[in-house]
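Enquirer: Have a look at this one before I ask anything.
The values are calculated or read from the model by the stated rules, or taken from the named source; none is laboratory data. These numbers were taken from a predicted model, which means no experiment stands behind them. Neighbour counts run over all protein chains shown; Cβ positions are idealised from the backbone, glycine included. All accessible areas refer to the heavy atoms of the entire protein, side chains included, with ligands and DNA or RNA removed. Shrake-Rupley method; radii C 1.70, N 1.55, O 1.52, S 1.80 Å.
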Amino acid sequence: MKYKHRICLFLFSLMSFSSWAIDGVGPDQVTRSGNVTIEWDNPQDFTDVKSVSGKQGAYEAKVFKALTDNLAKVAKQTLRPDLKLELIVTNLDLAGDVQSTFGATPNNIRVVKPVFPPKISFSYSVLEGDKVIMVGDEKLTDLNFMNGVKKPNETPLNYENAMLKSWLINKVEPHLPTAN
């Protein structure tokens, strides 16, 4: 009986580890695209990056990659080629709210209303080689998000991407030093 208990405990631990590995959930994740690197600091504590269906870790990885890729596209047009943008995201709250369908469908749904705006908190640095030329902390919220994006279903994360694009163009770009 004693050994049976140990074997069950071992198998449970192994299954928990393998599900963690398959799901991709870890304490921190880092995504890179072009000249942008984003560290997602303790994503399990983020306000709302909830999947409506499927594996939570896979959904987070998809969201983090999509936001990084989009910010890299904007950075390519905004930053000089010799500059790098690094962010450490400490909180993310996607537009909308995940709500149960109470069994009407097999999945929950994300309801997007003006009372559920997108929010993101992060620290950032702009580097020229290894030299830091700009740093800051941001807590972005777009209360007007439903009026700003004209085609809400065109791409995933439209509201969050628009908020980050606006930040980079309006807050960072005007304060960048000109090339020597």
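Enquirer: I want to check the label-to-label distance for D45 and V132. Put each point 7 Å from Cα in the C-beta direction and report it in nm to one decimal.
Expert: With each label placed 7 Å out from Cα toward Cβ, I get 2.0 nm.
Enquirer: So if we plug the beta-carbon distance of S125 and K76 into 1/(1 + (r/R0)^6) with R0 = 22 Å, what FRET efficiency do we get, rounded to 0.05?
Expert: It comes to 0.80.
Enquirer: Of A72, N91, V111, which is farthest towards the positive pole of the stretch 61-122's charge dipole, taken about the Cα centre with +1 and -1 on the beta-carbons of Lys, Arg and Asp, Glu respectively?
Expert: Of A72, N91, V111, it is A72.
Enquirer: State, to one decimal in nm, how far the label point of R110 lies from the label point of D69, with both points 7 Å from Cα in the Cβ direction.
Expert: In this crude label model, R110 to D69 measures out at 1.5 nm.
Enquirer: May I ask you to give the solvent-accessible area per residue for the stretch 51-108, in square angstrom, as obtained with a 1.4 angstrom probe?
Expert: Heavy-atom SASA per residue in the stretch 51-108 reads 51 Å².
Enquirer: Continuing with the same structure: Holding the Cα-Cα limit at 22 Å, pick out from K55/K113; K113/K139; K113/K171; K131/K165; K50/K139 the pairs that are longer than that.
Expert: Over 22 Å Cα-Cα: K55/K113; K113/K171; K131/K165.
Enquirer: Order of 108-120, 88-100 by packing, highest average Cβ count within 10 Å first?
Expert: 88-100, 108-120
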